[in-house]
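Report on the structure given below.
The values are calculated or read from the model by the stated rules, or taken from the named source; none is laboratory data. On a predicted model such as this, the values are computed, not experimentally measured, just so you know. FYI the Cβ positions are ideal-geometry reconstructions off the backbone, even for glycines, and counts take in every protein chain you see. All accessible areas refer to the heavy atoms of the entire protein, side chains included, with ligands and DNA or RNA removed. Shrake-Rupley method; radii C 1.70, N 1.55, O 1.52, S 1.80 Å.
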Amino acid sequence: MRDEAAKRVELVFSLFDTNANGVVDSDDFDLMASRVLEAAVASDDGAKAAIRAAFRRYWTTLATELDADGDGVITMDEFRPFVLDPERFGPTIAEFAEALSALGDPDGDGLIERPLFVSLMTAIGFEEANIHALFDAFGPDAEDRITVATWEAGIKDYYAPDMAGIPGDRLVAARAA
């Protein structure tokens, strides 16, 4: 696994541990889904249902693949080798990428405006400066928008263990303590 990918994994784990108890569990995914849905006020019920289902599948996949002792939690040691395994995790991340990027396009024009992108990414837990750096790396148009397809591809790239120098690496910049 590339060093960049390892850093992305550590950041994702810290974000998924929304209640900061050192492990990831189903409550963390429920909390993150709630936060994201609060930011998606303009989205329709179908988009909201899709992101809820994507979060549920994300947790179910992690629990099924990693929780060998059945304790209902995932540690960082359990999480690290799994999350960047495209064969085991690819379909789950593809569903999540599609649902999250679609949530950013409530008017269905295929474009995501910066304010909603920032709101959704902040709800997930990313640092605002890093979110803006990511959005800029996606190459917004003159009206400060990116395409849904660009964001979806960027999410998928973020979870690729062999990728480096991708826009998503901007999310791993130093976080405030």
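Rolling a 1.4 angstrom probe over the protein chains, ignoring ligands and nucleic acids, what is the accessible area of residue 122 in square angstrom, nearest 10?
Rounded to the nearest 10, the figure is 70 Å².
Relative contact order for the chain: what percent, with Cα pairs under 8 Å and sequence separation of 6 or more?
Relative contact order for the chain comes out at 29 percent.
At q = 0.13, 0.14, 0.25, 0.27 Å⁻¹, work out log10 I(q)/I(0) for the stretch 128-177 with the Debye formula, treating every Cα as an identical point scatterer and leaving solvent out; two decimals please.
Each listed q maps to, in turn, -0.31, -0.36, -0.98, -1.07.
In whole angstrom, and with the biggest value first, how far do the Cα coordinates of the stretch 1-144 range along each principal axis?
50, 35, 29 Å, listed from the longest principal axis down.
How high is the FRET efficiency from residue 60 to residue 136, r the C-beta distance, R0 30 Å, rounded to 0.05?
In this case the efficiency is close to 0.30.
Starting from 0.36 nm per residue, how many nanometres of slack lie between residue 42 and residue 69 once their C-alpha separation is accounted for?
Net length gain for the segment: 5.6 nm.
Taking a ≥ b ≥ c as the square roots of the eigenvalues of the Cα gyration tensor of the stretch 56-99, is the shape rounded (a/c under 1.5), prolate (a/b larger than b/c) or oblate?
Because a/c hits 1.5 or more and a/b exceeds b/c, the stretch 56-99 counts as prolate.
Around residue 111, which amide H atoms from residues at least 5 apart in sequence, or from another chain, sit under 5 Å from its own amide H, with H modelled in the peptide plane?
148
For the chain, what is the mean residue ellipticity at 222 nm derived from helices alone (per DSSP H run of n ≥ 4: -39500 (n - 2.57); sum divided by total residues; nearest 500 deg cm²/dmol)?
-19500 deg cm²/dmol
Determine the share of the stretch 1-150's accessible area contributed by carbon and sulfur atoms, expressed in whole percent, with a 1.4 angstrom probe.
50 percent
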